[in-house]
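Colleague: Just passing along the structure, written as structure tokens.
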Amino acid sequence: MTRDEIVEAVLVVLRDHMERPHLEAFGPEARLNEDLYLDSILMLHLFLNLELHFGLAAPEEAITRQELSTVANLAALFAGERAPAAAAEAPEGQGVHGEDYVDIKVHCFVSCVCAALKERGIDHRAFYFGVFDADFALTPEFTLRYHAPTVSHAFFRRWFERLYGATLREWHDPKKSKETNVSTLLDLVDRRRPDERVMVMLDLFHLPERENKFNQNPFPHYLMLENAEDDPDVFEVLDPDFRWEGRIEKAKVLNAVRQPTVGGGYVFDASALRPARPADLAAYIATCRQTTGNPLVEAVRTIVAAHLDGRGGLTLQTLPEALKELPVLSIRKYAYEHAFAFLWRALKLPDAEFQAWCDDIETLALGLKGLNFQVLKLVETGDRSLAAPLFAELDRYDRLESAIKRRLDEAFAQWRDDAGLPALPQTERAIA
């Protein structure tokens, strides 16, 4: 098919098979997310329908990465055209041991508190040991949720205070009304001292000025606020998790804060931060270790099996919705890179091995994200024989993640020995 024919096929799929609104802006230069409102899951539906109805099979890498921005980019992919490769830049540092090491943002609460550590030159990487298996919810309806009443940031809060010395005061009171909490927020921002950081949870879906690449609705998200110096109606917004800062009208921000889907906020004095003591770091890392499996892989396996078996009246048709938030959770696996970086830098281990493990970590993160495409194919075709390769992929990622953890444990034991710390027993996920 030519590029023009592929563009027309995309329109047919969106209009006739997916019955999508917002097609008045459709054209080669239409942006897939911003103009056509296609989130990561809807993009998977688009890929699958193009394959089933037009025989256009997308490369696996395109499905998992989804780095396409416009309809024209999508058409070029299926037409076999490749974007020109960017000129390679000479590295300014030395891989994991240099200053060019890429910082990773995979958890909004952790990103906010770690931003303050970075500002003071304090190594924040070890704090990410708690992220790759951070809590999520598997609901009684066998649905995966990254945000739920049972999910708390208390673990991170307590350990941040113990490790780095600053008190994280929770200013949001769930027993009080929205307006009372908003008034508290405005008062905190008005009285904020230069070293204070005011964190607030809001629903990013209701803040269209900010990129929402997952297009989740709702999309609970932590960021930090301060008043603009030259305009009383504007906030200066810092969103470390998405590497964004800028100005947004207060009314729009507060509307996102007032949504019934969210509620939370903390304030802390960044001037009180100090580097973590090795003994405390050792206790934290030991506490974060999961020695009984890989919770996210196990949860996905449980959810798929429950829908296949029809447990509690479930059907295959509800499986995509049950796993809709898997892309949000799968990116947490990139936190392994921070954990490796912390140990590799401390032990001066070879950069080549670090890069090899980073490749495996990326395989894990993108592979888990890409499972939703296999799920959609299973559901749309009704071919239950596709369940076997889906479970085989889960087994593969289970083995890969276990291997990553084993190497991390080996390096942790070496770091502990080098620091002259005694061996620690395996502990539960609680303050040691």
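Colleague: With only Lys, Arg, Asp and Glu charged, each at its Cβ (+1 for the first two, -1 for the last two), find how big the charge dipole of the stretch 167-272 is about the Cα centre; round to the nearest 20 debye.
Modeller: Dipole size: approximately 460 debye.
Colleague: Over 29 Å between C-alpha atoms is what I'm after, so list which of K178/K369; K175/K405; K252/K324; K118/K178 land there.
Modeller: Flagged as over cut-off: K178/K369; K175/K405; K118/K178.
Colleague: What is the stretch 306-432 by shape, rounded, prolate or oblate, if you read a ≥ b ≥ c off the alpha carbon gyration tensor as root eigenvalues and call it rounded for a/c under 1.5, prolate for a/b larger than b/c, and oblate otherwise?
Modeller: Prolate, because a/c is 1.5 or more and a/b exceeds b/c.
Colleague: In vacuo Debye scattering of the stretch 214-320, one point per C-alpha: log10 I(q)/I(0) at q = 0.10, 0.11 Å⁻¹?
Modeller: Per q value, in the given order, log10 I(q)/I(0) is -0.61, -0.72.
Colleague: Rounded to the nearest 500, what is the chain's calculated 222 nm mean residue ellipticity when only DSSP H runs of at least 4 contribute -39500 (n - 2.57) each, over all residues?
Modeller: -14000 deg cm²/dmol
Colleague: Between the stretch 1-45 and the stretch 259-335, what's the alpha-carbon centroid distance in Å?
Modeller: If we compute the Cα centre of each part, the gap is 32 Å.
Colleague: With a Förster radius of 22 Å, plug the Cβ-Cβ distance of Q290 and F391 into 1/(1 + (r/R0)^6) and report the FRET value to the nearest 0.05.
Modeller: Once rounded, the FRET efficiency stands at 0.55.
Colleague: Put a dot 7 Å past each Cα toward the Cβ at E19 and A272; how far apart are the dots in nm?
Modeller: The modelled label-to-label distance comes out at 5.5 nm.
Colleague: If one computes the Cα centroid of the stretch 224-258 and of the stretch 387-411, what distance in Å separates the two points?
Modeller: First find each Cα centre; the distance between them is then 40 Å.
Colleague: Taking the Cα centre of the chain as origin, work out the dipole magnitude from +1 charges on Lys and Arg Cβ and -1 charges on Asp and Glu Cβ, in debye rounded to 20.
Modeller: Value, rounded to 20: 1540 debye.
Colleague: Give the cross-link partners of K176 among the aspartates and glutamates, using a straight C-alpha distance below 16 Å as the criterion and excluding same-chain residues fewer than 8 apart.
Modeller: Straight-line reach from K176, under 16 Å: D187.
Colleague: Does the stretch 360-407 come out rounded, prolate or oblate by the C-alpha gyration tensor, with a ≥ b ≥ c the root eigenvalues, rounded set by a/c under 1.5 and, if not, prolate when a/b is larger than b/c and oblate if not?
Modeller: oblate
Colleague: What is the Rg over Rh value, at two decimals, for the stretch 1-65, using alpha-carbon atoms and the Kirkwood definition of Rh? Kindly include the intermediate steps, with their values, before the conclusion.
Modeller: Numbers: Rg = 11.2 Å, Rh = 12.1 Å.
Using Cα coordinates only, the ratio equals 0.92.
Colleague: Further, regarding this structure: Listing L296, L273 from the residue with the fewest other Cβ atoms within 10 Å to the one with the most, what is the order? Intermediate results must be reported in sequence, preceding the final value.
Modeller: Values: L296 24, L273 21.
Lowest count first: L273, L296.
Colleague: Then there's this: By count of other Cβ within 10 Å, fewest leading, how are R406, R258, R15 ordered?
Modeller: R406, R15, R258
Colleague: For the stretch 167-272, restrict the atom set to alpha-carbon positions and state the Rg and Dmax in Å.
Modeller: 13.0, 36
Colleague: Moving on. Starting from the eigenvalues of the Cα gyration tensor, five times each then square-rooted, give me the equivalent ellipsoid semi-axes of the chain, largest first, whole Å.
Modeller: Rounded to whole Å, the semi-axes are 36, 29, 23.
Here, each number is a calculation from the coordinates, and none is a lab measurement. Computed from a prediction, not measured in an experiment: that's the story for all the values here. Here the Cβ is made from the backbone with ideal geometry for all residues, glycine too, and neighbour counts use every protein chain on show.
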